[in-house]
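The values are calculated or read from the model by the stated rules, or taken from the named source; none is laboratory data. The model shown is predicted, which means the values in this text are computed figures rather than measured ones. Please note: Cβ atoms are built from the backbone with ideal geometry, for glycine as well, and neighbour counts cover all protein chains shown. Please note that ligands, DNA and RNA were not included when accessible areas were found on the heavy atoms of the full protein model with its side chains. Shrake-Rupley method; radii C 1.70, N 1.55, O 1.52, S 1.80 Å.
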Amino acid sequence: MVIGFTLMVLLAVGPAPGMLPAEARSVHVAQVQPTGTPTLDSAVYLDASVDRNDVYLGESLTLSLEYWELNFRGLRVQPHIKSGRPVFPDTEGFYAGQVREEQRDATRGGLLYRVTTYRQELFPARAGTLRVGPWNWTGTVRGHTAAGAQSRDLDISTSPIEVQVRPLPEPPSTFSGAVGEFEITLEFESRELSRGVPEGLFIDVTGQGNPHTLQAPPVAPAPWFSVGAPKEEEVRLVEGGQGRFVKRFRYTFMPLGAGEFMFPPLALTYFSPAEGRYKVSRTAAVELTIEAGDLKDTLVVIGAGGGGAGPNMLVMDEGRLPLVAGVADFRLRRKQVNLGLLPILLPPLLFLVALALLRGPAALRWWSARTQHHDHVEARLAAAGSAARPLDSLDKVLREILSERLGRDLAALSVPEIRAYIASKLDGEGATAIAAVLQACAASRYGQRQADSADLIHRARLALSGLPPAPKWWGLTR
Amino acid sequence: MNALCILLLCLGADVYDDFFERGNTAYAAGDMAAAVSAYEELVASGVENAEVFYNLGSAFYHLGDSGRAVLNYERAVGLDRDFDAAQRALAIAVAATVHAHARPVGFALDGRGPAVFPGLSQRMANRVALVFWWLAWGILAVRFLRGGPRWKNTAVAVAAGLVLVALILVIPAPTSHAAVVLAPDTYARYGPHPRDAIRMALAPGVRVLVDRQAEGWARVETADGHRGWVEVDRIALLGPPYDSGALTRESNIP
């Protein structure tokens, strides 16, 4: 669809309203004579490219993404995202650096476009074939045509970009992991060094590569000094250095000896993609003069422990390791007492003793609910046998025990009812035997027939022995 | 002599100070052998201070015995993990060994620790397990003697849980002891016999784990996982009784 009139005006493009931070934008003023015919279809273009398609693992490459938007007064482009910035293509497999953004005006097909370029450093994190993109853009373009206002939804994609990533050759043992071109320099915070007085030691690594994978160079220990763990001080870009940066590491340097010393050269082994080999950047050896300082009796406190109170260290001359000057409290090695099983067996033994003392010896028979049940029945039957009216007592005791064991109050039930109930709970023989005893007790009570109480108690004992034990935890009764 | 020293040491802490001071004086004067002797008397009398082992390690370091220097620095670090000076000196001593091998995983005074909590020493794990065991029985006792009905099931469940954790804690990782190679020309062999083939050479100061012993031989494992048998008198265990290792032979090559 052709927009209803041809642009034949001279466009003067100035700085656009500030949506982006000033330092991140670069706006070119251009005077262009557009000759093409603007259409809604030609409102937006995308271009994606990399500066190199064949790199080493960890080597940097630059991804350039160009967003072309037709610069025409009657046209409105509304991307389908809220951030106002295109969603960048997928860069899986790469370590992605910061995005730099700049704008310019350019012509394409005789039309004037506002071009926004996003540049991003990519560092391949694995060897093989990696893919960038595709880069997608969706949005709505609106413009006034001869037929009136028109709009169109656009869905534009770039082709994916393939990058061949070569693995690094077999690295030397000192390889720092850095890929690029680097230089290492060394600087002491102060050249006036005194024994026992900590000073800063700075190591600057300047170069081009991935600053985030650059590890602190190791400092070999020596008896006359100690260095603390390195701290990353800062990473800054070199002005006009086209991606060159300086990464500064800070170490705490503690002179332990006094005199003239030569601080050894430090080395950084890195891989140079340009030359395809490992290279080493070294610092020069630094001559140091360490004063003995004001440390009377050469006693300084170093190496304080986590609690802040470390041992007093006697710093020695002649490159000897420092010494602990004194020990506040000599500790004697405790003899290993082999207690064997005692600590393991003691708690259960104490438990049983406490149980026996507090609950009586019978409580120790907790392991056998059936035994306890038996004792319980025996005691009550014996009590019934020695009662003034043994058969009445036996009847009562039987009903109580049955009530406890079967979980239903049987005190008010008649013998046939009890018989019917226990027959549903117990086997037929046990129910019959218990019912017979209860029947005999009832008959005796109402004078129908006298019975031998000892015999009935014996029969009751036999019948009750088949009852299930009380359903209590661990067989214990409270 | 030893008995006399021990007798003197029994008289009080001043004697310890005297021996320690004697060692320091000898060290400052450059008489490292006398310093070693004084510090070793302290160790032999049962003193177990990181500072003593540190000074002893430094004396050995300046005697050029990097194996014993590493051994004693490791003991100092094992007794006091926050002893920065000992950590630094250990790094220096290790750097002075032939191969500057790393420390094997699980290299500690107390061995490897429990299987499920490798960061914990086995001694500590056993103590915790014992506390849990006593706690479980205490809960059971309270439950049976005083507990209400609702508390019963919870108490038994908690006690069972504690016993379970205690059992897990006392399951040790494969038993191993930390040791340091002391003798030069120490060779680890494929089997515990001088006629067995040599598998690797171990320089003084190499830190190993001992996982098996048999008739004067110990099977050691290095930081990179290689195993071999060495004669026990060529290494010294890190833990008590803190022997410095009496060497009887110069080399174990048959």
Query raised in the report: Out of (1) farther than 28 Å from A:Leu237 by Cα; (2) buried (at least 18 other Cβ atoms within 10 Å of the Cβ); (3) among the aliphatic types (A, V, I, L, M), what's the single condition that is false for A:Ala106?
Result: (2)
Query raised in the report: Quick one: is B:Thr186 among the β-branched types (Val, Ile, Thr) and in contact with a Lys or Arg (Cβ under 6 Å, 6 or more places away or on another chain)?
Result: yes
Report task. Would you please name the residue that is modelled with the lowest pLDDT, looking only at residues in segment A:345-358 that are within 14 Å of B:Trp134 (Cα to Cα) and open to solvent by 70 Å² or more (accessible area, probe 1.4 Å)? Result -> A:Leu345
Query raised in the report: Out of curiosity, is B:Leu71 more than 9 Å from chain A (Cβ to nearest Cβ) and either crowded, with 24+ Cβ neighbours inside 10 Å or not β-branched (Val, Ile, Thr) (or both)?
Result: yes
Query - Hits in segment B:52-68 - residues which are within 12 Å of another protein chain (Cβ to nearest Cβ) and open to solvent by 10 Å² or more (accessible area, probe 1.4 Å) - result: B:Phe60, B:Tyr61, B:His62, B:Leu63
Report summary line: B:Gly30 meets each of (1) more than 11 Å from chain A (Cβ to nearest Cβ); (2) over 17 Å from A:Arg331 (Cβ atoms); (3) part of a loop (DSSP other than H, G, I, E, B) with one exception, condition (1)
Report summary line: Expected output for segment A:207-236 (first residue more than 14 Å from every other protein chain (Cβ to nearest Cβ) and surrounded by 21 or more Cβ atoms within 10 Å (Cβ to Cβ), partner of a type in the set (Lys, Arg) and assigned to a loop (DSSP other than H, G, I, E, B), Cβ below 7 Å, 6+ apart or cross-chain) is A:Gly207/A:Arg244
**Report entry** Hits in segment A:388-417 - residues which are outside any helix (DSSP H, G or I) and among the small types (Gly, Ala, Ser)
**Finding:** A:Ala388, A:Gly407, A:Ala411, A:Ala412, A:Ser414
Query - Pair list, Cβ < 6 Å and 6+ apart or interchain, from segment B:215-226 residues that are touching a residue at least 12 places away in the same chain (Cβ under 8 Å) to residues that are outside any strand (DSSP E or B) and open to solvent by less than 40 Å² (accessible area, probe 1.4 Å) - result: B:Ala223/B:Pro104
Requested in this report: Please tell me if B:Val47 is open to solvent by less than 10 Å² (accessible area, probe 1.4 Å) and in contact with a Gly (Cβ under 8 Å, 6 or more places away or on another chain).
Outcome: no
Query raised in the report: Considering only segment B:177-193, how many residues are open to solvent by 10 Å² or more (accessible area, probe 1.4 Å), part of a loop (DSSP other than H, G, I, E, B) and at pLDDT 85 or above?
Result: 4
Report summary line: All-but-one check, B:Gln213 against (1) open to solvent by less than 30 Å² (accessible area, probe 1.4 Å); (2) assigned to a strand (DSSP E or B); (3) farther than 18 Å from B:Pro184 by Cα, failing number (1)
Query raised in the report: at pLDDT below 70 and within 14 Å of chain B (Cβ to nearest Cβ) - does that describe any residue in segment A:276-297?
Result: yes
Query raised in the report: In this structure, does A:Gly133 turn out to be surrounded by 15 or more Cβ atoms within 10 Å (Cβ to Cβ), on the phi > 0 side of the Ramachandran plot and at pLDDT below 85?
Result: yes
Report task. Say whether the condition of being away from chain B (no Cβ under 14 Å) and over 20 Å from A:Thr289 (Cβ atoms) is met by at least one residue in segment A:196-203. Result -> yes
Query raised in the report: For A:Ser414, are the conditions met, namely being modelled with pLDDT under 80 and among the hydroxyl-bearing types (Ser, Thr, Tyr)?
Result: no
Requested in this report: Look at segment B:80-105 and say how many of its residues are facing chain A (nearest Cβ under 7 Å) and either of a type in the set (A, V, I, L, M, F, W, C) or not in a loop (DSSP other than H, G, I, E, B) (or both).
Outcome: 8
Query raised in the report: How many residues does segment B:33-51 contain that are at the interface with chain A (Cβ under 7 Å from one of its Cβ atoms) and either within 15 Å of B:Ala93 (Cβ to Cβ) or in a helix (DSSP H, G or I) (or both)?
Result: 1
**Report entry** strands (runs of 3 or more DSSP E) wholly inside segment A:23-81 that include at least 1 residues being of a type outside the set (Asp, Glu) and modelled with pLDDT under 90
**Finding:** A:44-50, A:61-70, A:75-79
